[in-house]
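To start, the structure under review is shown below, and the notes come after it.
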Amino acid sequence: MSMEREKRIQDYWDANNIFQKSVTNREGQKSFVFYEGPPTANGLPHAGHVLGRVIKDFIARYQTMRGYQVIRKAGWDTHGLPVELGVEKKIGVSGKQEIEEYGVEKFIDECKKSVFDYEKQWRKFTDAIGYWVDMDDPYVTLNNEYIESVWYILSKVHEKGLLYRGHRVTPYCPSCQTSLSSHEVAQDYKDVKDLSVTAKFKIDGKDHEYFLGWTTTPWTLPSNVALAVHEDLEYVKVQQDEEVYVLAKELVEDVLGDDYDVISEHKGHELVGLTYQPPFNYLTVERGHEVISANFVTDESGTGIVHLAPAHGEDDYKAIQDSGLDFVNVVDERGCYTDEIAPLAGEFTKDCDVKIIKLLADQNLLFSKEKYEHSYPHCWRCDSPLIYYAMEGWFIKTTAMKETILKNNQIVQWYPNHMKNGRFGKFLENMVDWNLGRNRYWGTPLNVWICDECNHQYVPSSIQDLKEHAKSGFKENLELHKPYVDKVIVKCPSCSNNMKRTKEVIDVWFDSGSMPFAQYHYPFENKELFHKQFPADVIAEGVDQTRGWFYSLLTISSLFTGEAPYKRVLSLGHILDENGRKMSKSKGNVINPMDLVEKYGADALRWALLADSAPWNNKRFSANIVNQAKSKLVDTLNNVHSFYTLYAEIDGFDPEKHEQGEPSLLDKWVLSRLNTVTQNVMEYLDSYDFTTGARELSILIDQISNWYIRRSRERFWSEGLNHDKLSAYHTLYSVLVRVSRLIAPFTPFIAEDIHLNLTGNSVHLSDFPKAHKEQDDPVLEMEMDRVLQVVELARSARNMTNIKTKQPLSMLTVVGSKKSTKSLEKYLYIIKDEINVKNVQLQEHSGNAVQYELKLNFPTAGPKLGKLVGVVQKTLQSLTPEDAKKVVEQGYVEINTPNGEKIQVEKDDLIVHQKTNQDVEMASNSIFSVFLNTTITDDLRKEGKARELIRAVQQYRKELNLPVEQRVNLVFDVDASMKEIIEQFKNLLQSNLLIKSLEYNKKDGMKFIVIDGAKIGIHVEK
Ligand SMILES: [Zn+2]
Ligand SMILES: [Zn+2]
């Protein structure tokens, strides 16, 4: 049903270019700028993508209806390692060497082809959830124009001296053979067991004297260059058995136990400069294997002497550099030992801890080993443990721009607000230089050419620039990818020798973060359009983009323009399963959003996401929740629409032609409500509070359906087009038109269906409704709200009895303050009808309708009263109903104690039970108490039966599919007592059943029902 409707609306949008019109219609209006965070099309969309796309569409539709032009350019993120890994798998190669053997050009071709493998599914998914974005003219990060803009930006960064080549010890995946940025590392920590080692480093020139050095990564011992101590720490030289050890004084007992003799004590600085024999002597160093001082050394763990391997630790690298010692690296790009480490050559380092320990032991250099558990980073792509590895690479000196970036962040409005100085702000505070280069193939080639001779760097700012400097290898229509750009040789402007491009491609986050500029091929084209579309009014993506797109956009724009690229960021929560767990294949709790759309419709899916909670909260998500949104909101709205259409057709009602009629109280009320909600929803949506806006709408739609329409039904059933009915039609018509506009950004399909049907125009080309001040009637709204409260209370009182709703009752008493009961006076007929009572009376006091039973609340009163508990209990038991009532009203009870004193016990220390007479049910809230008399007199019983009969006939008419306006001949087969009832309530039957004639007879094929044990035959004839 919803699928059929949504398909029909989708076809209408397509056939009439409604999306395109919604943009072109606003030509010349102010822009509301929206940036699309580009997904990759080499994987399928999943539940996590739904929230972002729904929110983005919601905002764009809303701002369009508010009068802005919202250009919605789609984008595709196309480069990067995941694409390469996919291709490797497909063509059956693994690692860089095999790629080189396979041929880089062929490999790149395969990457290019695979990039849009799932584009069709993405389009289908995007259409199905009603996300309007221009997928026919997207920005694509692999296009030459896009890359040229990125090159331009990088040339400016280089010009400022912020692009540099350096060594950096970074987390590195030996399997993917690439270093990972800090945001990637943060994604996958696992608890693992490793071995830590205390090794003996023989001090030069001494026999049996050793430094005890400690490491948590034994596999780095062959790369040892130095030992580090802290200058100011106390160290000791001690003897244990035949050996002499040097270690931190604080740690002696931890390491050696209590069986040792102290020979001497030393400050750390006294040890600096001493040399030693490394445990593995496969390497020779010019400067190294000596003790240096480093501030990060402590005496809180290990031995207070730290083994340093500059290739495998950031601290190590820096300390070795500062001391001017040699850099060594005995691990290749696959994470394996090089041939220099003969016994372990070619073995994966991270797996060699045990072998290293054995080699140490063989040389009698192992002091001790220990198992320990810690949280260790793993590759988020391939799950391999990462190693720290010194890579030569390219960096952007973002740290030099830190102040600008921090300042720009302060201008941004974050949703939720705590992101600004919390998760995002902290990430910025701790920024390190951007590790830009990747030693891979499929990416934007880093546009740096380096001279073979003089090391001069040349960074072309455009294709034309490169062409002008090229010596050879430049072809027209040069594709800006490997291996084509690598063939271009440039003449060195400084020494005229050959320059070659450095081999790296760049981090894909630099691609997507350049989109504000590169999507329009700025500055080569579209300058005016770019300025119109910069900065973004809002971007909305998952909170995980803190370290991704949110960061790269801000950083690149700060580098390039000095300004923030966005004014607002909506940082969206995660989609969780019904029990609040992350969705994952291994848990088997993954929900395919397309299944939900097919089953419940996109409107229901969107409503479930938007109305549930603020967009930045994690969202529990399940078929059940979407199903509820469908039945509570979408179906209700659809039923209201169908109701209107049905009767408007019967009466040939035309809002253009027919006069307004005479508005009833209900008409005025619903229009005033509509007005209030219109005002509120606009305010909420303007401040990005979608959830509260959705809740207001949800209450309104419920009130339209379950109050306005239900209370107005008979007006639509009446014959002819009288003034009252005309007003009902006009009112419902304008309510539906306006509600469809209010809800259009939330549930675009059903909104379009209603609006199109009622007005002939697309709701998405209309304006968001404005409040009509003249329809405001706050007093009426307040009064009706009171009526609704009383009805709700009375219904719950009725529900406590087992009396059928069709059974009239004699009396409802409403008790409340004079002011609040006064506001009900005009509406008693509504309450009577709703509750099916003959009379409603209003009272200020409950009189004797309620009795109170008072008991002591022991947990609170016991400690206060002590011994007096017994006396108080006795007094409470002996209170007359009048006294008990007085206690409740005055809020305390006065007690005479045995020694003649008077004490007061407060109401808070009492438990108050309300009791009504046996034939009275009561319910109350903070304003009203209602008392429902449940005595059923003989007359009431008879009328109840008559009403049961009416309901049965109405039901039967429905089963027969009779047109609602069809008048009928009724034949009943009943006993004498029922006949008497029917005769007595003939008027009631006539006013409810559209009767032409009524007779008592038997007929073939009669429908039989049972009322109070009596069998009744019904026959209905046209
Ligand atoms: Zn990996
Ligand atoms: Zn040169």
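The values are calculated or read from the model by the stated rules, or taken from the named source; none is laboratory data. Source: prediction; values computed, not measured. Here the Cβ is made from the backbone with ideal geometry for all residues, glycine too, and neighbour counts use every protein chain on show. Areas reflect the complete protein model, heavy atoms only, side chains present, ligands, DNA and RNA absent. Shrake-Rupley method; radii C 1.70, N 1.55, O 1.52, S 1.80 Å.
Okay, residues lined up against (1) assigned to a strand (DSSP E or B); (2) at pLDDT 95 or above; (3) among the aliphatic types (A, V, I, L, M); (4) under 30 Å from ASP1012 (Cβ atoms):
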{"residue": "ASP753", "(1), (2), (3), (4)": "no, yes, no, no"}
{"residue": "GLU774", "(1), (2), (3), (4)": "no, no, no, no"}
{"residue": "SER810", "(1), (2), (3), (4)": "yes, no, no, yes"}
{"residue": "SER820", "(1), (2), (3), (4)": "no, no, no, no"}
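Within the set GLY161, GLY166, the sole residue that is more than 16 Å from ligand 1 (Cβ to nearest atom), surrounded by fewer than 21 Cβ atoms within 10 Å (Cβ to Cβ) and not in a strand (DSSP E or B) turns out to be GLY161. Out of MET401, MET391, one residue alone is modelled with pLDDT under 90, surrounded by 16 or more Cβ atoms within 10 Å (Cβ to Cβ) and more than 16 Å from ligand 2 (Cβ to nearest atom). It is MET391. In segment 285-299, the count of residues that are touching a residue at least 24 places away in the same chain (Cβ under 8 Å), open to solvent by 70 Å² or more (accessible area, probe 1.4 Å), closer than 25 Å to LYS206 by Cα and more than 50 Å from the chain's Cα centre (by Cα) is one or more. Within segment 644-687, the residues that satisfy the criterion of being open to solvent by 50 Å² or more (accessible area, probe 1.4 Å), more than 23 Å from ILE830 (Cα to Cα) and assigned to a helix (DSSP H, G or I) are LEU646, GLU649, ILE650, GLN679, GLU683, TYR684, ASP686. The strands (runs of 3 or more DSSP E) located wholly in segment 822-896 that include 3 or more residues which are free of Cβ contacts under 8 Å to residues at least 40 places away in the same chain occupy 837-843, 892-896.
Pick from ASP753, ASP767, ASP833: which is surrounded by 15 or more Cβ atoms within 10 Å (Cβ to Cβ) and among the charged types (D, E, K, R)? When all the criteria are applied, what remains is ASP753. Summed over segment 577-610, residues that are surrounded by fewer than 21 Cβ atoms within 10 Å (Cβ to Cβ) and of a type in the set (A, V, I, L, M, F, W, C) total 4. When restricted to residues that are more than 11 Å from ligand 2 (Cβ to nearest atom) and over 16 Å from VAL448 (Cα atoms), segment 494-510 contains 2. Within segment 473-493, the set of residues being loosely packed, with under 14 Cβ neighbours inside 10 Å, at negative phi and more than 16 Å from ligand 2 (Cβ to nearest atom) comprises LYS475, GLU476.
Looking across segment 354-381, the residues that are open to solvent by 50 Å² or more (accessible area, probe 1.4 Å) and closer than 30 Å to GLY43 by Cα come down to SER375, TRP380, ARG381.
The condition of being of a type outside the set (S, T, N, Q) and under 22 Å from SER977 (Cα atoms) holds for only one of GLU959, GLU906, GLU921, GLU948, that being GLU948. Among the conditions (1) out of contact with any helix residue (DSSP H, G or I) (no Cβ under 9 Å at 6 or more places or on another chain); (2) closer than 20 Å to PHE1008 by Cα, the only one that PHE972 does not satisfy is (1). Only one residue in ASN421, ASN417, ASN447 is in contact with a Ser or Thr (Cβ under 8 Å, 6 or more places away or on another chain) and away from ligand 2 (no atom under 16 Å from the Cβ). Which one? Exactly one of ASN421, ASN417, ASN447 is in contact with a Ser or Thr (Cβ under 8 Å, 6 or more places away or on another chain) and away from ligand 2 (no atom under 16 Å from the Cβ), namely ASN447. For segment 669-690, the criterion of being at positive phi and in contact with a strand residue (DSSP E or B) (Cβ under 7 Å, 6 or more places away or on another chain) is satisfied by at least one residue.
Of the residues GLU980, GLU901, GLU948, GLU889, the single one that is surrounded by fewer than 13 Cβ atoms within 10 Å (Cβ to Cβ) and under 22 Å from PHE1008 (Cβ atoms) is GLU980.
Of all residues in segment 595-606, one or more are under 13 Å from the mean Cα position of the chain (by Cα) and at pLDDT 85 or above.
Screening segment 494-521 for residues that are open to solvent by 40 Å² or more (accessible area, probe 1.4 Å) and under 20 Å from TYR164 (Cα atoms) and picking the one that is nearest to ligand 1 (Cβ to nearest atom) gives TRP509. Counted as qualifying within segment 546-617 are the helices (runs of 4 or more DSSP H) with 3 or more residues that are touching a helix residue (DSSP H, G or I) at 6+ places or on another chain (Cβ under 9 Å) and under 20 Å from ASP686 (Cα atoms), namely 602-612.
Considering only residues in segment 688-703 that are open to solvent by 10 Å² or more (accessible area, probe 1.4 Å) and over 25 Å from the mean Cα position of the chain (by Cα), the one that is farthest from GLN775 (Cα to Cα) turns out to be ASP702. Of all residues assigned to segment 449-459, none qualifies as being more than 16 Å from ligand 1 (Cβ to nearest atom) and within 30 Å of ILE55 (Cα to Cα). Scanning segment 455-472 for residues that are assigned to a loop (DSSP other than H, G, I, E, B) and either away from ligand 2 (no atom under 16 Å from the Cβ) or over 14 Å from ARG501 (Cα atoms) (or both), we see that the one that is least open to solvent (accessible area, probe 1.4 Å) is SER462.
Highlighted here are the helices (runs of 4 or more DSSP H) found entirely within segment 349-427 that include at least 3 residues which are within 30 Å of TRP449 (Cβ to Cβ) and away from ligand 1 (no atom under 16 Å from the Cβ): 402-411. Selection within segment 169-183: residues that are within 15 Å of GLY443 (Cβ to Cβ) and not hydrophobic (A, V, I, L, M, F, W, C). The member of this set that is farthest from ligand 1 (Cβ to nearest atom) is SER181. Return yes or no: is TYR235 modelled with pLDDT under 90 and of a type in the set (Phe, Trp, Tyr)? Judged against the criteria, TYR235 is not a match. Taking into account only those residues within segment 45-81 that are polar (S, T, N, Q) and farther than 21 Å from TYR118 by Cβ, which is farthest from the chain's Cα centre (by Cα)? Going through the qualifying residues, I end up with GLN69. When both residues are 6+ apart or on different chains and their Cβ atoms are under 8 Å apart, which pairs have a first residue that lies in segment 180-200 and is closer than 30 Å to VAL246 by Cα, and a second that is at pLDDT below 85 and open to solvent by 20 Å² or more (accessible area, probe 1.4 Å)? Note: pairs meeting the criteria are ASP194/HIS374.
Within segment 778-817, count every residue that is farther than 22 Å from GLY847 by Cβ and either open to solvent by 50 Å² or more (accessible area, probe 1.4 Å) or of a type outside the set (D, E, K, R) (or both). The number of residues fulfilling the criteria is 19. TRP442 falls short on exactly one of the conditions (1) in a loop (DSSP other than H, G, I, E, B); (2) away from ligand 1 (no atom under 16 Å from the Cβ); (3) buried (at least 20 other Cβ atoms within 10 Å of the Cβ), and that condition is (2). Residue by residue through segment 216-241, note down the ones that are hydroxyl-bearing (Ser, Thr, Tyr) and open to solvent by 10 Å² or more (accessible area, probe 1.4 Å). Result: THR216, THR217.
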